[in-house]
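*Asks:* Got a structure here, written out as structure tokens. Questions coming.
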Amino acid sequence: MRGIVCSLLLSVVVAGQARPEFEVASIRPSSEQTTQVNVGLHISGSQVRIAYMSLKDYIGIAYRVRTGQIAGPDWIAQERFDIAAKIPDGALSDQVPEMLQTLLADRFQLKIHRDSKEFPVYALAVAKSGLKLQESATSAGAATDSPAIVNVTASGSGAGIAADLGGGSFFSLANNRIEIKKMTMTALANILTRFLDRAVVDMTGLTGTYDLTLDLTPEDYVAMLIRSALNAGVVLPPQALRALDGASGDPLSSPLQKFGLAFESRKASLDVIVVDSMQKTPTEN
């Protein structure tokens, strides 16, 4: 469950300058979470707080790739840390990924190289019959997050998963159903990738935000949870893996059809971050 929750956050990260770095940064091992998992990314002014993310998560944020596009040892998905940092005066919050690159290199001795690889993917596209989906309504006077603040939280338990992505954008997976509120197609593709056996690539060309409700069979619902755990590097017992046998390979084509969206198997070349070396523990704060 914790792998599922952590992986959700990678679909919403703050979007350059040579080697920007935090003014100060503290890195500490995350406290163990069991029945209820809570993960968060909060940026307010110069203060950055990130909780309960794995090293693989941090690499994904730093280099703006999904965890499925990171090649490295299994333990990078298992070692989890909290980071508290300060953005220096004059720097911008959209430089946080590059600052994380510097932090990972300095404190974990991370060395990587870039590559590209052809992957089987699901293409999310507008169906030939045309889009049957309206953009999200904007509520007059509704409270929204300040543009200067990034506040993303996710939690999960046996009852389901919920992620508040800020600005009214919301995702949940519970009771054999996916609920999506005020989400772009790109963000939707990124999140759905976490629950499937391959990446989802947004090819809709749509720029608005949308609300969707996708009903799943019980078998596909369980399979999506299991696949998300596997994608996050969680080791599952054989009996859990056997639950994949009763699920369809593609659980979303039918639910998406009613919105005029196609979900097609294709191949695409994606960027890959290859971890050449990295320490399991950071140098002292």
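*Asks:* Could you check segment 176-195 and list, in sequence order, the residues that are over 22 Å from residue 159 (Cα atoms) and open to solvent by less than 10 Å² (accessible area, probe 1.4 Å)?
*Replies:* 183, 185, 189
*Asks:* Sticking with this structure for a sec: Out of the residues in segment 202-240 that are under 30 Å from residue 75 (Cα atoms), in contact with a strand residue (DSSP E or B) (Cβ under 9 Å, 6 or more places away or on another chain) and hydrophobic (A, V, I, L, M, F, W, C), which is surrounded by the fewest Cβ atoms within 10 Å (Cβ to Cβ)?
*Replies:* 225
*Asks:* Another question, if that's okay. Among (1) acidic (Asp, Glu); (2) at pLDDT below 95; (3) open to solvent by 70 Å² or more (accessible area, probe 1.4 Å), there is one condition residue 115 misses while meeting the rest; what is its number?
*Replies:* All conditions pass for residue 115, except number (2).
*Asks:* Quick check: anything in segment 241-248 surrounded by 15 or more Cβ atoms within 10 Å (Cβ to Cβ), more than 15 Å from the chain's Cα centre (by Cα) and closer than 30 Å to residue 138 by Cβ?
*Replies:* no
*Asks:* Right, next: Only one of (1) among the hydrophobic types (A, V, I, L, M, F, W, C); (2) surrounded by 13 or more Cβ atoms within 10 Å (Cβ to Cβ); (3) over 30 Å from residue 137 (Cβ atoms) is not met by residue 256, so which one is it?
*Replies:* (3)
*Asks:* Identify, please: which residue in segment 128-151 is surrounded by fewer than 16 Cβ atoms within 10 Å (Cβ to Cβ) and of a type in the set (A, V, I, L, M, F, W, C) and is, among those, modelled with the highest pLDDT?
*Replies:* For segment 128-151, the residue satisfying everything is 131.
*Asks:* Do we find a residue being of a type in the set (S, T, N, Q), closer than 22 Å to residue 233 by Cβ, open to solvent by 30 Å² or more (accessible area, probe 1.4 Å) and modelled with pLDDT of 90 or more anywhere in segment 22-38?
*Replies:* The answer is yes; a qualifying residue exists.
*Asks:* With the structure loaded, tell me whether residue 199 is modelled with pLDDT under 95 and surrounded by 16 or more Cβ atoms within 10 Å (Cβ to Cβ) or whether it fails that test.
*Replies:* Answer is yes for this residue.
*Asks:* Now for a different question. Out of the helices (runs of 4 or more DSSP H) lying entirely within segment 163-275, which hold 1 or more residues that are within 30 Å of residue 149 (Cα to Cα) and among the basic types (Lys, Arg)?
*Replies:* Helices (runs of 4 or more DSSP H) meeting the threshold: none at all.
*Asks:* In the list 53, 99, which residue meets the criterion of being at negative phi and in contact with a Cys (Cβ under 9 Å, 6 or more places away or on another chain)?
*Replies:* Going through 53, 99 in turn, the sole match is 53.
*Asks:* Before we move on, is residue 216 touching a Ser or Thr at 6+ places or on another chain (Cβ under 9 Å) and among the aliphatic types (A, V, I, L, M)?
*Replies:* Judged against the criteria, residue 216 is not a match.
*Asks:* I'm trying to understand the selection: among the residues of segment 230-282, which are modelled with pLDDT under 85, under 30 Å from residue 62 (Cα atoms) and out of contact with any Cys (no Cβ under 7 Å at 6 or more places or on another chain)?
*Replies:* If the condition is that a residue be modelled with pLDDT under 85, under 30 Å from residue 62 (Cα atoms) and out of contact with any Cys (no Cβ under 7 Å at 6 or more places or on another chain), then 230, 231, 233, 234, 235, 236 are the ones that fit.
The values are calculated or read from the model by the stated rules, or taken from the named source; none is laboratory data. Small disclaimer: the values here were computed from a predicted structure and weren't measured. Positions of Cβ are backbone-derived with ideal geometry, glycine not excepted, and every protein chain shown enters the neighbour counts. All accessible areas refer to the heavy atoms of the entire protein, side chains included, with ligands and DNA or RNA removed. Shrake-Rupley method; radii C 1.70, N 1.55, O 1.52, S 1.80 Å.
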